[in-house]
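To start, the structure itself, in structure tokens.
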Amino acid sequence: MKKVLFVTSEAHPLIKTGGLADVSGSLPRALAELGQNMRLLLPNYQAIETTDPVEHRCQLDLDGVTVDILQTRLPDSDVIVWLVNYPPYFGKPGNPYLDAQGKPWIDSAERFTLFCRAAVEIAMGRSELGWQADIVHCNDWQSGLVPAMLSIEEKAPATVFTIHNMAYQGLFPRSKFVSLNLPEQLWNPDGLEFYNMLSFIKGGIAYADRITTVSPTYALEIQTPEFGCGLEGLLSHRQDDLSGIINGIDQEYWNPETDEFIPQQYKSTTLKKKALNKASLQRKLALPEDEELPVIALISRLVQQKGIDLVIDCLPHLTSMPMQFIVLGSGDRSYERRLQNLARLYPEKISITIGYDEKLSHLIEAGADIFFMPSRFEPCGLNQMYSQRYGTIPIVRRTGGLADTVVDALPHSIADKSATGIVFNEPAADSLLEAAKRAILLFHDKKSWRTVQLTGMHKDFSWQNSARQYLAIYQNL
Ligand code: ADP
Ligand code: GLC
């Protein structure tokens, strides 16, 4: 049994902006079930929601700043969560990365440096928690300084750094490195320096004992200039320590048979009932209630990564076909505006909900027929797996985790019952449109459609396999 400090900037259901939260809320549970002694470390954001008791455990002195460590649990589990409480940084309205106006926190570097310092002290056993880590498992740039800082400690625990997205690196001017009072020996081209900037993510990639990312395909992609975001050289240099482990999903929370957010629960043997969720979704979004029209959905951060520009370019052509299109998301203001304009032009066909709505996201997964994920890059992606579980056919671009989790519906793959979705290659609106046409044709071929739905619903996306792969890494360290 290893004592593992899992350091993350978000974890569902306490605080979530995207897939990192889903992973941090479920992987530690799966590892605890495999007998590991897991502790989660999170900043104590004002937005954290929990009904479990929160108790004060101790104080830590971090480079002259005193923080409190609070303790709670991951809801419905035995996994202990430690929260780094420092109200001047974390006690304000907003999300982990953006302030209440939607702008990146101006003190992001200070906030996550303090968080990393807390992780180091706890991991080294220099706290009154009575616990010392064997392994520190860090996630994304917000925890990248931890492996770097541990590299200069004696008898430090081993470190694993998981990359969920190379596009977010935590880059700050050199002057921050100085004002943050980080150890001078970490400033070098093989260390935290990246073209004279301070790079948090490099702290993880350069110093962690093992690096993982969230799909085998993305592990290869990030070693190329197209996906490596300038760090492809370092990543290839570390290829012997780098591996891709596909994310699992929480198969209880995303289960159409027990989902409390949807009006009609169903499973593969009662798939007809899915139509009731479709009707309820159409009613809720004020779209004409029609079972025969394919409903295409997209739930996403509205950012370049997700291929939203392709969707916007493809939509005017799609509207000439019999279908309905639903978007739930928020992000880039210009994408939001352009999507809303299209919805105003085609109110009978397009519904756009700007915002974040967990409950609606479940109803969409249950009620839609087709799910769009035309990402330009996608380290893993979770909604394509949620969709398969709900009998909703995903259309994905062949990249990253999408390529690893969706099997294209071709005559032979439908016949041998391996097809689970539609896969296209080029990040271009006409390729997406072709894929959508293929999906709509398939939708009207009821027998094949049902076969593809059932294949997806029967797939095992549980954490079991992936958690075992992380465990094997822990055991080899
Ligand atoms: P990423 O982490 O890059 O955003 P993922 O596919 O890994 O992409 O995970 C996104 C997660 O966030 C999924 O659980 C998805 O349902 C959820 N999500 C994204 N946007 C919204 C939204 N507007 N409302 C509700 N859930 C959302
Ligand atoms: C990132 C990626 C997404 C992945 C998620 C969880 O946000 O963009 O592809 O599924 O992390 O690992």
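The values are calculated or read from the model by the stated rules, or taken from the named source; none is laboratory data. This structure is a prediction, so every number in the text was calculated from the model and none was measured. Cβ placement follows ideal geometry from the backbone for every residue including glycine, while neighbour counts extend to all protein chains displayed.
Structure summary
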read-out: Qualifying residue in the range 262-282 (condition: within 24 Å of the chain's Cα centre (by Cα) and touching a residue at least 60 places away in the same chain (Cβ under 8 Å)); value: yes
read-out: Single match in Asp369, Asp408 (criterion: in contact with a strand residue (DSSP E or B) (Cβ under 7 Å, 6 or more places away or on another chain), buried (at least 21 other Cβ atoms within 10 Å of the Cβ) and charged (D, E, K, R)); value: Asp369
read-out: Strands (runs of 3 or more DSSP E) within the range 192-305 that include 3 or more residues more than 16 Å from ligand 1 (Cβ to nearest atom) and more than 23 Å from Gly381 (Cα to Cα); value: 197-199
read-out: Boolean, Thr258 is away from ligand 2 (no atom under 16 Å from the Cβ), among the hydroxyl-bearing types (Ser, Thr, Tyr) and within 30 Å of Arg468 (Cα to Cα); value: yes
read-out: First in the range 325-341 and farther than 11 Å from Ile364 by Cβ and among the charged types (D, E, K, R), second anywhere and more than 16 Å from ligand 2 (Cβ to nearest atom) and part of a helix (DSSP H, G or I), Cβ under 7 Å, 6 or more apart; value: Arg338/Ile312
read-out: Residues (of a type outside the set (A, V, I, L, M) and either within 21 Å of the chain's Cα centre (by Cα) or assigned to a strand (DSSP E or B) (or both)) located in the range 392-419; value: Thr392, Pro394, Arg397, Arg398, Thr399, Gly400, Gly401, Asp404, Thr405, Asp408
read-out: Any hit, the range 138-147, residues being surrounded by fewer than 20 Cβ atoms within 10 Å (Cβ to Cβ), in the same structural domain as Gln469 (by TED's automatic domain parsing), more than 16 Å from ligand 1 (Cβ to nearest atom) and touching a residue at least 24 places away in the same chain (Cβ under 8 Å); value: no
read-out: Neighbours by Cβ (under 7 Å, 6+ apart or cross-chain): first from the range 148-168, among the aromatic types (Phe, Trp, Tyr); second within 16 Å of ligand 1 (Cβ to nearest atom); value: Tyr168/Asp140; Tyr168/Trp141
read-out: The listed residue being part of a strand (DSSP E or B), of a type outside the set (Asp, Glu) and surrounded by 17 or more Cβ atoms within 10 Å (Cβ to Cβ), out of Thr72, Thr113; value: Thr72
read-out: Subset of the range 395-420 (residues that are within 16 Å of ligand 1 (Cβ to nearest atom) and either of a type in the set (Asp, Glu) or in contact (Cβ under 8 Å) with a residue 40 or more places away in the chain (or both)); value: Ile395, Arg397, Thr399, Gly400, Gly401, Ala403, Asp404, Thr405
read-out: Matching residues, the range 312-352, being assigned to a helix (DSSP H, G or I), within 16 Å of ligand 1 (Cβ to nearest atom) and under 26 Å from Glu289 (Cβ atoms); value: Leu339, Gln340, Ala343
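Table: residues versus (1) away from ligand 2 (no atom under 16 Å from the Cβ); (2) not β-branched (Val, Ile, Thr).
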position	(1), (2)
Glu291	yes, yes
Lys306	no, yes
Cys314	yes, yes
His317	yes, yes
Val327	yes, no
Tyr335	yes, yes
Arg338	yes, yes
Thr353	yes, no
Ala368	yes, yes
